[in-house]
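Visitor: Below is a structure I'd like to ask you about.
The values are calculated or read from the model by the stated rules, or taken from the named source; none is laboratory data. Because the structure is a prediction, the values reported are computed rather than measured. Heads up, the Cβs are rebuilt from the backbone with ideal geometry, glycines too, and the neighbour counts pull from every protein chain shown. The area values use the complete protein model at the heavy-atom level, side chains included, leaving out ligands, DNA and RNA. Shrake-Rupley method; radii C 1.70, N 1.55, O 1.52, S 1.80 Å.
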2 protein chains.
Amino acid sequence: MSRSRVTVVDIARAAGVSKSTVSLVLQASPLVNEATRAKVNAVIRELGYVYNRGAANLRQSASSRIIGIIVNDLTNSFFAELAVGMDMVMQSAGYVQFLSNSAESVDRQREVVASMREHGISGLIISPARGTEAADLKPLAASGIPVVSVVRNVVGAKVSSLVSDNYAGAKAAVAHLVSLGHSRIAFLGGIANTTVFAERVQGWRDALVEAGFEAPDMLVIGSTASRAGGVAAIERALSLPAPPTAALCFNDAAAFGVCDGLRAAGREPGRDFAVVGFDDVIEAETAVPALTTVSVDPQGMGRRAAQLLLKQINTGKVEPEAIVGSVRLVVRQSCGAGEKAGRMSA
Amino acid sequence: MSRSRVTVVDIARAAGVSKSTVSLVLQASPLVNEATRAKVNAVIRELGYVYNRGAANLRQSASSRIIGIIVNDLTNSFFAELAVGMDMVMQSAGYVQFLSNSAESVDRQREVVASMREHGISGLIISPARGTEAADLKPLAASGIPVVSVVRNVVGAKVSSLVSDNYAGAKAAVAHLVSLGHSRIAFLGGIANTTVFAERVQGWRDALVEAGFEAPDMLVIGSTASRAGGVAAIERALSLPAPPTAALCFNDAAAFGVCDGLRAAGREPGRDFAVVGFDDVIEAETAVPALTTVSVDPQGMGRRAAQLLLKQINTGKVEPEAIVGSVRLVVRQSCGAGEKAGRMSA
DNA sequence: GTAATTAATTGGAACGTTCCAAATATGTCA
DNA sequence: TGACATATTTGGAACGTTCCAATTAATTAC
């Protein structure tokens with residue numbers, strides 16, 4: 001059935017030219033005569049030829065036009081949107097991407113990286129799994145493949161990175177809550193021993209201290225960075241001897257969970273308790289109450305990461321570049337300051 | 001800097017054997033002597049050799065071990081989970097996947113398919129964009145590349161498909177609502193002229209009719225299949241002269257939107273109005289109220305689709321196979337029947 | 001009419017692997 | 001020892017492209 005594939009030589013024979021000419025036509029070279037080009041293209045369509053990029057990549061000068069993307073949790077909207085942003089840029093640049101989910105497993109991540117290397121990726125964007133070490137990315141950098149680490153940093157790795165300004169974002173969010181009259185503000189959700197968590201907690205702490213309030217450790221309640229984690233965290237927070245009246249959450253997923261947990265406890269988020277998230281995923285805007293959150297613009301971040309990688313691939317330069325993306329607080333209703341929200345009791 | 005890459009010939013030279021022997025070692029052939037194998041492997045590690053799969057794929061017998069996955073909306077949790085399920089299976093099978101988002105654009109989808117073909121995918125799993133025609137998938141099937149269409153069907157395309165039993169799911173959901181005492185049950189959200197929508201509406205209609213109730217068209221309110229779409233749909237539903245007391249929603253995203261919209265209108269989902277979703281995404285379980293929904297198990301569906309594709313690749317058989325995955329109603333709280341929910345007023 | 005210039009085309013080696021057929025080494029049996 | 005079987009190794013052609021250097025054809029200049 002599936003007859004052996006059509007190659008340039010077949011085209012050449014059918015069009016009565018040499019394979020070199022066909023190759024030139026394929027690359028839209030200006031060297032070839034209009035009439036010849038037309039004829040060759042006609043034959044190409046007629047025989048249903050498909051270009052074999054693998055064969056072309058064999059010549060050492062060529063670029064594979066394949067890049068790798070690895071994210072740590074694709075089921076989290078934040079990362080899905082990040083991936084979509086990258087996809088957009090890569091696709092318009094004529095690249096195709098291997099996209100894999102490490103599910104926070106460094107072992108899986110290692111396998112995927114190895115597999116992608118064997119397939120000759122020209123670059124990699126990675127949101128590293130927890131516990132990723134510089135050594136995991138070393139071989140890539142050593143063989144001249146540009147790597148952009150996004151969202152999370154890998155300490156000691158000589159790769160470019162694009163992370164958001166977690167410290168400033170958290171600080172701004174807490175300052176806003178303070179301006180609304182809160183003083184007992186919790187930090188809810190997220191896994192404790194990660195850099196991102198540490199940076200956000202630091203912002204939370206410094207904002208409270210600068211405002212002249214206490215920042216007791218018991219108000220920092222870690223859990224998973226998910227909706228379920230948010231529910232668990234707010235339950236613990238409400239059972240404290242002196243419960244908080246507001247919370248900055250590790251991310252939007254946790255913040256939604258906190259809202260769910262508040263309702264389960266008979267409290268209305270935005271009215272009885274102020275909730276602020278982090279990320280600004282799409283649903284943040286349409287949720288009820290709309291979520292006040294620190295906007296990281298995941299799609300935009302994905303696009304920037306992709307552009308950064310493309311720049312490195314095209315210029316062939318290897319020096320890593322560290323970019324900290326700015327963030328801004330988007331005030332909606334869940335903090336009690338939005339127009340449509342009811343008045344806060346605190 | 002980046003010296004030209006290390007090849008089998010370099011390994012051969014360094015280990016004092018022929019390139020053929022190195023090749024045998026790479027394929028873990030039992031033909032080679034233990035001592036030789038050890039030496040070659042040592043050299044491979046020492047020189048930091050990376051296998052060039054592209055070169056190997058050149059021989060026409062070889063399989064590229066690359067498959068393509070295209071989904072229509074990766075920002076929708078349902079599809080993200082679907083992709084994660086596929087990723088799991090593919091990765092353990094030693095495959096790597098191109099994963100792209102068509103964003104419901106048939107043009108983008110076409111480009112992506114073409115690009116993936118040029119890169120020599122051994123198979124494709126696609127959740128087709130709206131408006132995809134059989135012709136779009138024809139060339140793949142013609143060149144013997146197995147294709148599995150998932151979630152949505154492409155009429156007339158001779159490819160395998162794996163869809164869920166939309167009709168039975170919708171019918172069961174409505175029957176459940178009827179058993180709870182509802183008779184004015186709306187169908188909310190989703191884009192009207194799609195097969196999936198039609199099937200679910202038909203299930204809704206038949207269940208109502210069988211129960212002896214009316215199924216007026218005005219109770220079918222389409223919109224986008226998103227959270228925002230759900231909000232819009234319930235707003236319109238509540239403004240009807242005789243508003244419904246319950247709703248089956250096109251999917252979970254829309255159902256969450258309906259819950260949001262209900263609260264915005266001062267009604268509590270699960271108590272004042274029964275809501276049922278479709279899909280059973282992860283958040284359905286942890287949301288408050290937990291969402292009663294028709295479980296499609298997206299990750300499981302992704303895994304099944306991947307297994308189906310692998311089977312087709314391995315057996316080399318081309319005959320398409322149409323599978324309808326069974327679904328089951330998961331009763332939680334948003335319909336008012338769950339244990340923790342308050343009593344329904346209707 | 002010949003030389004020089006420009007425009008088009010082309011043969012063939014190279015890219016890094018696999019795999020066949022053939023060669024060599026090792027062992028066994030009479 | 002020679003004849004055979006078995007275990008291991010190997011040269012070289014192929015896979016489908018690109019690209020250099022060289023060729024041929026067409027045009028222009030003198």
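Visitor: Give the value in nm², to one decimal: projected area of the alpha carbon convex hull of the stretch A:8-51, averaged over all directions. Don't skip to the end; give the middle numbers.
Guide: On the way: hull surface 10.2 nm².
Dividing the Cα hull surface by four gives the mean projection, 2.6 nm².
Visitor: Can you give the relative contact order of the stretch B:114-182 as a percent, counting alpha carbon pairs under 8 Å and 6+ residues apart?
Guide: RCO, the stretch B:114-182: 26 percent.
Visitor: Evaluate the Debye formula for chain B with equal point scatterers sitting on the alpha carbons, no solvent, and hand back log10 of I(q)/I(0) at q = 0.06, 0.11 Å⁻¹, in q order, two decimals.
Guide: -0.31, -0.76
Visitor: Here is a follow-up. When Cβ neighbours within 10 Å are restricted to other protein chains, what is their mean count per residue of peptide B:97-104?
Guide: Counting other chains' Cβ atoms within 10 Å and averaging over B:97-104 gives 5.
Visitor: Among B:Phe278, A:Leu47, A:Gly277, whose Cα sits farthest toward the positive end of the charge dipole of the protein assembly as shown (+1 at Cβ of Lys/Arg, -1 at Cβ of Asp/Glu, about the Cα centre)?
Guide: Ranked along the dipole, the leading option is A:Leu47.
Visitor: Check which residues have an amide H placed less than 5 Å from B:Gly123's amide H, if you skip close sequence neighbours.
Guide: Close amide H contacts, sequence-distant or interchain: B:Gly68.
Visitor: Along the stretch A:236-242, what does the Karplus equation 6.51 cos²θ - 1.76 cosθ + 1.60 (θ = phi - 60°) give for ³J(HN,Hα), rounded to whole Hz, x for Gly and Pro?
Guide: Ordered by residue, 3J(HN,Hα) equals 5, 4, 6, 8, 5, x, 10 Hz.
Visitor: Quick one: putting +1 on the C-beta of Lys and Arg, -1 on the C-beta of Asp and Glu, what dipole do you get for chain B around its Cα centre, in Debye to the nearest 20?
Guide: Taking the Cα centre of chain B as origin, the dipole is about 1300 debye.
Visitor: Turning to a different aspect of this structure: Near the amide H of A:Ala211, under 5 Å away, which other amide H atoms are found, from residues 5 or more places off or on another chain, if H is placed in the peptide plane?
Guide: Amide H to amide H, under 5 Å and 5 or more residues apart or across chains, A:Ala211 pairs with nothing.
Visitor: Return the single residue from A:Glu34, A:Glu214, A:Glu321 with maximal mean-square fluctuation; model: Gaussian network over chain A, springs between Cα atoms under 10 Å.
Guide: A:Glu34
Visitor: Sort shortest first the distances from B:Gly144 to its counterpart in every other copy, using label points 7 Å along the Cα-to-beta-carbon line, and give them in nm.
Guide: With the label placed 7 Å along Cα→Cβ, B:Gly144 yields 3.7 nm.
Visitor: Quantify, in whole percent, the carbon and sulfur part of the accessible surface of the protein assembly as shown (1.4 Å probe; protein heavy atoms only).
Guide: Carbon and sulfur together cover 53 percent of it.
Visitor: To continue, here is another question. Measure of size requested: the Rg and Dmax of the stretch A:71-173, with Cα atoms as the atom set and Å as the unit; please supply both.
Guide: 13.9, 45
Visitor: Continuing with the same structure: Could you list which residues have their amide H under 5 Å from that of A:Leu329, counting only those 5 or more apart in sequence or on another chain, with H placed in the peptide plane?
Guide: Amide H neighbours of A:Leu329: A:Ser295.
Visitor: Could you give the size of the charge dipole of the stretch A:166-297 about its Cα centre, using +1 on the Cβ of each K and R and -1 on the Cβ of each D and E, expressed in debye and rounded to the nearest 20?
Guide: Values: 9 positive and 15 negative charges, 71 e Å.
I would put it at about 340 debye.
Visitor: Using only helices, what value at 222 nm comes out for chain B when you add -39,500 (n - 2.57) per DSSP H run of length 4 or more and divide by the total residues, to the nearest 500 deg cm²/dmol?
Guide: The helix-only estimate for chain B comes to -13500 deg cm²/dmol at 222 nm.
Visitor: If you don't mind, there's one more thing I want to ask. Suppose every K and R has +1 on its Cβ and every D and E has -1 on its Cβ; what is the size of the dipole of the protein assembly as shown about the Cα centre, in Debye to the nearest 20?
Guide: Working: 68 positive and 62 negative charges, 471 e Å.
With only Lys, Arg, Asp and Glu charged at Cβ, the dipole is about 2260 debye.
Visitor: Among A:Leu124, A:Leu26, A:Leu308, which one shows the highest mean-square fluctuation when chain A is modelled as a Gaussian network with alpha-carbon springs under 10 Å?
Guide: Of A:Leu124, A:Leu26, A:Leu308, the most mobile in the Gaussian network model is A:Leu26.
Visitor: Need the C-alpha centroid separation for the stretch A:1-69 versus the stretch B:15-29, integer Å.
Guide: The two parts, judged by their Cα centres, are 33 Å apart.
Visitor: Using a label point 7 angstrom from Cα along Cα-to-C-beta, what distances in nm, from shortest up, separate B:Asp206 from the other copies?
Guide: In ascending order, 6.3 nm.
Visitor: Now for a separate question. Any chance you could list P(r) for the stretch B:1-146, counting all Cα-Cα pairs in 10 angstrom bins from zero, rounded to whole %?
Guide: 10, 30, 25, 19, 14, 3
Visitor: For the protein assembly as shown, with the dipole built from +1 on Lys and Arg beta-carbon atoms and -1 on Asp and Glu ones, taken about the Cα centre, which of B:Ala28, A:Asn153, B:Gly230 lies farthest toward the positive end?
Guide: B:Ala28
Visitor: Still on this model: Could you tell me whether the protein assembly as shown comes out rounded, prolate or oblate from its Cα gyration tensor? Rule is a ≥ b ≥ c as square roots of the eigenvalues, rounded for a/c under 1.5, then prolate if a/b exceeds b/c, otherwise oblate.
Guide: Since a/c reaches 1.5 but b/c is at least a/b, the shape of the protein assembly as shown is classed as oblate.
Visitor: Only bridges whose two residues both fall in the protein assembly as shown count here: according to DSSP, what percent of them are antiparallel, nearest 5?
Guide: Roughly 10 percent of the beta bridges in the protein assembly as shown run antiparallel, per DSSP.
Visitor: In whole angstrom, note down how far apart the Cα centers of the stretch A:149-167 and the stretch B:104-146 are.
Guide: With the stretch A:149-167 and the stretch B:104-146 each reduced to a Cα centre, they are spaced 36 Å.
Visitor: Please work out how much length the chain gains when fully extended from B:Arg45 to B:Ala322, using 0.36 nm per residue of separation minus the C-alpha to C-alpha distance, in nm with one decimal.
Guide: Extending this stretch completely gives an extra 95.1 nm.
Visitor: Follow-up. Separation of the stretch B:219-244 and the stretch B:308-332 by C-alpha centroid, Å?
Guide: The two parts, judged by their Cα centres, are 33 Å apart.
Visitor: For peptide A:287-295, what's the mean number of Cβ atoms from other chains within 10 Å of each residue's Cβ?
Guide: On the way: counts 6, 11, 3, 1, 0, 0, 0, 0, 0.
Per residue, the average neighbour count from other chains is 2.
Visitor: When the Debye formula is applied to the Cα atoms of the stretch B:166-297, each taken as the same point scatterer, what base-10 log of I(q)/I(0) results at q = 0.09, 0.16, 0.22 Å⁻¹?
Guide: Here the Debye-derived log intensity ratios amount to -0.20, -0.67, -1.38.
Visitor: Oh, and also: Note down the net charge around B:Arg59, summing +1 for each Lys or Arg and -1 for each Asp or Glu among other residues with Cβ under 15 Å from its Cβ.
Guide: Residues close to B:Arg59 contribute a combined charge of +4.
Visitor: Now for a separate question. Can you compute the modelled spin-label distance between B:Thr315 and A:Ala35, with each label point 7 Å from Cα toward Cβ, in nm?
Guide: 5.4 nm
Visitor: Name the residue farthest towards the positive end of the dipole of the stretch B:166-297 from the options B:Gly203, B:Ala246, B:Ile191, assuming +1 on Cβ of Lys and Arg, -1 on Cβ of Asp and Glu, about the Cα centre.
Guide: Going by the Cα projections, it comes out as B:Ala246.
Visitor: Taking B:Val106 in one copy and the same position in all the others, each labelled 7 Å out along Cα→Cβ, what are the pairwise distances from the first, in nm, shortest first?
Guide: B:Val106 label point versus its equivalents elsewhere: 4.9 nm.
Visitor: Just tell me how shielded A:28-38 is by partners: mean number of partner chain Cβ atoms within 10 Å of each residue's Cβ, no decimals.
Guide: Mean inter-chain Cβ contacts per residue within 10 Å come to 0.
Visitor: Give the relative contact order (percent, whole number) for chain A; include only Cα pairs under 8 Å separated by 6+ residues. Working shown, then result.
Guide: On the way: 660 pairs, mean separation 54.3, N = 346.
With pairs under 8 Å counted, the relative contact order is 16 percent.
Visitor: Could you work out which residue, out of B:Ser18, B:Ser183, B:Ser115, moves most in a Gaussian network model of chain B, that is, has the largest mean-square fluctuation with Cα springs under 10 Å?
Guide: Per the Cα network of chain B with a 10 Å cutoff, B:Ser18 tops the list.
Visitor: Continuing with this model, one more query. Given a 1.4 Å probe, how much area per residue of the stretch A:192-257 is accessible, in Å²?
Guide: Value returned for the stretch A:192-257: 41 Å² of accessible area per residue.
Visitor: Moving on. Remind me, what semi-axes does the stretch A:236-276 give for its equivalent ellipsoid, largest first in whole Å, using sqrt of 5 times each Cα gyration tensor eigenvalue?
Guide: Result for the stretch A:236-276: semi-axes of 15, 12, 10 Å.
Visitor: Along the stretch B:309-314, what does the Karplus equation 6.51 cos²θ - 1.76 cosθ + 1.60 (θ = phi - 60°) give for ³J(HN,Hα), rounded to whole Hz, x for Gly and Pro?
Guide: With coefficients 6.51, -1.76 and 1.60, one gets 5, 4, 4, 5, 5, 6 Hz.
Visitor: Using θ = phi - 60° and the Karplus curve 6.51 cos²θ - 1.76 cosθ + 1.60, what whole-Hz ³J(HN,Hα) does each residue of the stretch B:301-307 get, with Gly and Pro shown as x?
Guide: In residue order, the calculated couplings are 5, x, 4, 4, 4, 5, 5 Hz.
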